[in-house]
1. Which GluC sites (Glu not before Pro) from segment 90-145 combine a DSSP loop assignment with at most 12 other Cβ atoms within 10 Å?
2. Looking at segment 1-67, which trypsin sites (Lys or Arg not before Pro) are in a loop (DSSP not H, G, I, E or B) and have at most 15 other Cβ atoms within 10 Å?
3. Magnitude of the Cβ-charge dipole of segment 1-124, K/R +1 and D/E -1, about the Cα centre, nearest 20 debye?
4. State, as an integer percentage, the relative contact order of segment 78-171 based on alpha-carbon contacts under 8 Å between residues 6 or more apart.
5. Restricting everything to alpha-carbon atoms, can you work out Rg to Rh for segment 1-118 with a Kirkwood hydrodynamic radius?
6. Using modelled amide H (1.01 Å from N, peptide plane; none on Pro or chain starts), what sits under 5 Å from the amide H of Ile151, excluding residues fewer than 5 places away?
7. For segment 78-171, which trypsin sites (Lys or Arg not before Pro) pass both filters: DSSP loop (anything but H, G, I, E, B) and at most 14 other C-beta atoms within 10 Å?
8. Let me test this: with uniform point scatterers at the alpha carbons of segment 51-171, what is the Debye-based log₁₀ I(q)/I(0) at q = 0.19 1/Å?
Amino acid sequence: MISREDFIAKLKTTTLYSYKPQHLSFAQWRKNVTVAYVGMCADLIHVGHLNILRIAKLNAQIVVAGVLKDEAISSYKRKSTIIPYEHRVEMVESIRYVDLVIEQNSLDYVPNLEIVQPNYLVHGSDWKEGVQQKTRQDAIAALAKFSGELIEPEYFKGVSTTDIIRKIKAL
């Protein structure tokens, strides 16, 4: 997992930081910059993923994507990923709405939220019920510690990695 110090070092590599007024310290700059966090598997990127990232970018100047490690995905979705973690990171890094990519080691968002301390966590509304319901509750509690907010766009119905896999298998 990335440390808070390493995350700050990554933030300082962003284009937005490179244009900050020289007299501002990092802490002063960070107070004036909005950050959104999006956790994602990104095993098969589809329009639902792009929608979430687009909404994150509309609400924040910097979007940090936490790409779930293979073990995190296998803990709740399926036995293995289709695309290796390193390739998924490369794909997410290439999406124009994303400024930084960090690893997310488990389904639990709290460790990364504590490191990133985003103004916003953006996640589809699909986690209000089911296996991710507790994850959502824990994330909301973590956000409250630094006045972060949860943005939950309506789930992009009919488009999911699971649906895509099902369609491919049916061919």
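1. Of the GluC sites (Glu not before Pro), the ones in loops of segment 90-145 whose Cβ has at most 12 other Cβ atoms within 10 Å are Glu129.
2. Details: sites: Arg4, Lys10, Lys12, Arg30, Lys31, Arg54, Lys57; in loops: Lys12.
Loop-located and lightly packed - Lys12.
3. Using only the charged Cβ atoms, the result is roughly 400 debye.
4. Once normalised by length, the contact order is 26 percent.
5. Values: Rg = 14.6 Å, Rh = 14.8 Å.
Radius of gyration relative to Kirkwood radius: 0.98.
6. Leu121, Val122, His123
7. Arg78, Lys79, Arg96, Lys145, Lys157
8. Debye intensities relative to I(0), on a log10 scale: -1.24.
Bear in mind these aren't lab numbers, they're just calculated from the coordinates by the rules spelled out. No experiment lies behind these values; they were computed from the predicted model shown. For neighbour counting, all protein chains shown are included, and Cβ atoms are generated from backbone atoms with ideal geometry for every residue, glycine included.
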